[in-house]
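Enquirer: Below you will find the structure I want to go over with you.
The values are calculated or read from the model by the stated rules, or taken from the named source; none is laboratory data. Bear in mind the structure is a predicted one, so any value in this text is a computation, not a measurement. As a convention, Cβ positions derive from the backbone with ideal geometry for all residues, glycine included, and neighbour counts pool all protein chains shown. Calculation scope for accessible area: heavy atoms of the full protein, side chains included, ligands and nucleic acids excluded. Shrake-Rupley method; radii C 1.70, N 1.55, O 1.52, S 1.80 Å.
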Amino acid sequence: MDTDLNSAISAFLTNCDEHQLFQLTRFYMERLEQAIEEGVEGVGFMLTHDHHFNEREYHSVTDLAEKGKRAGASKLLLDLVMEKGSGARRVMWESFVKLHHHLPKLSRILKEIRERGDGQFAYMDTERSLSEVPAHLKDVRRKHMETLRAKTETLRVNTILMREKVKVFQLVDRYAELTVISTVRDRTLVEHELLARGRDHELWREKDLRGKLEKIRTDQLFKESFVQKLKRSVFGNKSGMSAAVNRGLAQVSLGSVETLAFSGMTLTPIDCAVLSHVIGLCDTIKHLNLENCRIHCEGIQRLGPGLHKCQELSLGWNELGDSEVKLVSAALRNPECKIQKLGLWGVGLTDSGAEDLASALSTNPSLMELDLSANKLGDSGVKLVSAALRNPECKIQKLGLRDVGLTDSGAEDLISALRTNPSLRELSLGWNSLTDRWVPALRRLILALPSLQRIELLGNQFRETGRNELRSLQEPRPGLTVHL
């Protein structure tokens, strides 16, 4: 029985140390690549939920799977896990235990492991000793090259992220430079500023690539002072900013940039303050990715005033909590809100904070994609969100509710609400406690929504009969994918 296999494998994995998990993964690597092809999104989601994968890595895997390149997706996932360490490997094997009843090849591997029991590692050692040394060396070289490529890619991504952050601070300096050129006309004002700082500008000298002493330009010194004042005003002083910057200068400095991506980079409240001013001044910025930036209360408060201007806003994996999500809700209520795609996965939202968010959703006509996965909403929180979906103003086309604590008892409200939303195209309900009791309601939902193109139900507790019932709905609907 599946229950016996689950218990036996779970106990086996619990007793495995770090090295044994490494041995196990390496030994079954080639077979696992094939075994998890159909469930690669589910494995990737669990690794992301436990913070072993970042959003970029998760999307790299799922994008390959969605394009039909499942073999490549499973190979990429396993390679990433081997680089991450024992924690990622343990989570991966735990996900195998949860998914194996959907994946026959994976189930066979787990049964082999159960049958070998304590002799598993002795068996693997024997098999490895029989392999030829050249083949082993080729494997070592291959792993070395994969690790080198991964490190190179990490360096490349970090360089891009740093470049985005530097761009914002360069903008502040550019504001100062252009403002000084256009506003400081009288050199006596410059000299007055220098004297007020207690410095004699005649004594400021430097050598030129010929070795001669030359006076530093006083307007350059004043510009340096001006920059510091400007940054202080950006970092918290309410006065001075309006006189220092304008929309035209911001546009000249940033050009036509549409995306600012800081995923995985720590942003301090000061960073958030500067970023908020940039968003407020530049009309071209459409996509703002702040996933896993360790943004807390003060940071989101600084960002709040400019969030409504972005078309795509990703705040996943930041510890915001209910009170800080209210600031995002305020952005959705703004009459000038342009947000079309909102990612709030894993931000600490609970049913207590869901009411305010639901209220904002019910009156927002711009939002088309919403992801609330990996939040502890429970049935009561999902019920509040469901009420918002009934409002004719709500135009959501893609809804993510993976791992939100939804059960059979809370499913009926959600299904009832979604049946009244003709715009819904994609629905993700994986990793909730759903059972066969929910199958009739899901069938009614799928049949009632001709617009629905994809429904994802990975990691739930359907029996084979229930899964077959749901899969059968794909036959009369060629454009529909039911992912189980």
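Enquirer: Give Lys338/Lys395; Lys67/Lys395; Lys341/Lys376; Lys75/Lys105 a once-over and call out the pairs whose C-alpha atoms are over 19 Å from each other.
Expert: From Lys338/Lys395; Lys67/Lys395; Lys341/Lys376; Lys75/Lys105, over 19 Å: Lys67/Lys395; Lys341/Lys376.
Enquirer: Under a 5 Å amide H to amide H cut-off, with H placed in plane at 1.01 Å, what residues pair with Gln453 once short-range neighbours are removed?
Expert: Distant-sequence amide H within range of Gln453: Glu426.
Enquirer: Could you work out the local net charge near Pro450, counting Lys and Arg as +1, Asp and Glu as -1, over the other residues with Cβ closer than 12 Å to its Cβ?
Expert: +3
Enquirer: Any idea what the relative contact order of the range 302-423 is, in percent, if you count C-alpha pairs under 8 Å spaced at least 6 apart?
Expert: Relative contact order comes out at 23 percent.
Enquirer: In the range 59-113, how does Rg compare with the Kirkwood Rh, expressed as the Rg/Rh ratio over alpha carbon atoms?
Expert: 0.99
Enquirer: In debye, nearest 20: dipole of the range 413-461 around its Cα centre with unit charges on the Cβ of K, R (+) and D, E (-)?
Expert: Dipole about the Cα centre, nearest 20: 160 debye.
Enquirer: Using only the heavy atoms of the protein chains and a 1.4 Å probe, how would His287, His19, His483 rank by accessible area, largest first?
Expert: His19, His287, His483
Enquirer: First check a/c for the range 1-99, with a ≥ b ≥ c the square roots of the eigenvalues of its C-alpha gyration tensor; if it is under 1.5, answer rounded, and if not, answer prolate when a/b is larger than b/c or oblate otherwise.
Expert: Because a/c hits 1.5 or more and a/b exceeds b/c, the range 1-99 counts as prolate.
Enquirer: While we're looking at this one, here's another question. Rounded if a/c is under 1.5, else prolate if a/b is larger than b/c, else oblate: which is the range 249-371, with a ≥ b ≥ c the root eigenvalues of its Cα gyration tensor?
Expert: Taking the square roots of the gyration eigenvalues as a ≥ b ≥ c, the range 249-371 is oblate.
Enquirer: Next question, about the same structure. Considering only DSSP states other than H, G, I, E and B, which GluC sites (Glu not before Pro) in the range 331-418 qualify as loop sites with at most 14 other Cβ atoms within 10 Å?
Expert: Of the GluC sites (Glu not before Pro), the ones in loops of the range 331-418 whose Cβ has at most 14 other Cβ atoms within 10 Å are Glu336, Glu393.
Enquirer: Right, another one. What is the gain in length, in nm to one decimal, between Ser380 and Thr435 on full extension, counting 0.36 nm per residue of separation less the C-alpha to C-alpha distance?
Expert: That works out to 18.0 nm of additional length.
Enquirer: Can you tell me which of 444-452, 88-96 comes out highest on packing, and rank the rest after it, using the mean Cβ neighbours within 10 Å?
Expert: Top to bottom by mean Cβ count within 10 Å: 88-96, 444-452.
Enquirer: While we're on this one: Could you run the Karplus curve 6.51 cos²θ - 1.76 cosθ + 1.60 with θ = phi - 60° over the range 392-397 and give me ³J(HN,Hα) per residue in whole Hz, x for Gly and Pro?
Expert: Per residue, the Karplus-derived 3J(HN,Hα) values read x, 6, 7, 10, 5, 9 Hz.
Enquirer: Continuing with the same structure: Find out how many positive minus negative residues lie around Ser433, taking Lys and Arg as positive, Asp and Glu as negative, among other residues whose Cβ is under 11 Å from that of Ser433.
Expert: Once all neighbours under 11 Å are counted, the net charge is -2.
Enquirer: In whole Å, how far is the Cα centre of the range 445-462 from that of the range 55-107?
Expert: Between the Cα centres of the range 445-462 and the range 55-107 lies a distance of 22 Å.
Enquirer: Could you work out the pair-distance distribution P(r) of the range 349-484 from its alpha-carbon pairs, with 10 angstrom bin width and percents rounded to whole numbers?
Expert: Per 10 Å bin, starting at zero, the Cα-Cα P(r) for the range 349-484 comes out as 13, 48, 33, 7, 0 percent.
Enquirer: When the Karplus curve 6.51 cos²θ - 1.76 cosθ + 1.60 is applied with θ = phi - 60°, which whole-Hz ³J(HN,Hα) does each residue of the range 270-279 get, with x for Gly and Pro?
Expert: Going residue by residue, I get 5, 4, 5, 5, 4, 4, 4, 5, 4, 4 Hz, with x marking Gly and Pro.
Enquirer: Can you list residues from other chains, or at least 5 along the same chain, whose modelled amide H is less than 5 Å from the amide H of Thr350?
Expert: Those lying under 5 Å, H to H, from Thr350 are Asp322.
Enquirer: Turning to a different aspect of this structure: Taking 1 over the mean of 1/r across every pair of different Cα atoms in the range 380-431, what Kirkwood radius in Å do you get?
Expert: So the Kirkwood estimate lands at 11.1 Å.
Enquirer: Could I ask something else about it? With a 1.4 Å probe and all protein chains kept in place, how much accessible area does Lys84 have, in Å² rounded to the nearest 10?
Expert: 90
Enquirer: Can you run phi through the Karplus equation (6.51, -1.76, 1.60; θ = phi - 60°) for the range 93-105 and list ³J(HN,Hα) in whole Hz, with x for Gly and Pro?
Expert: 5, 5, 5, 4, 4, 6, 9, 4, 5, 8, 10, x, 5
Enquirer: Dividing the Cα radius of gyration by the Kirkwood radius, what Rg/Rh value follows for the range 355-416?
Expert: 0.94
Enquirer: Using 10 Å bins from zero, what percent of all Cα-Cα pairs in the range 287-354 falls into each bin?
Expert: 23, 61, 17
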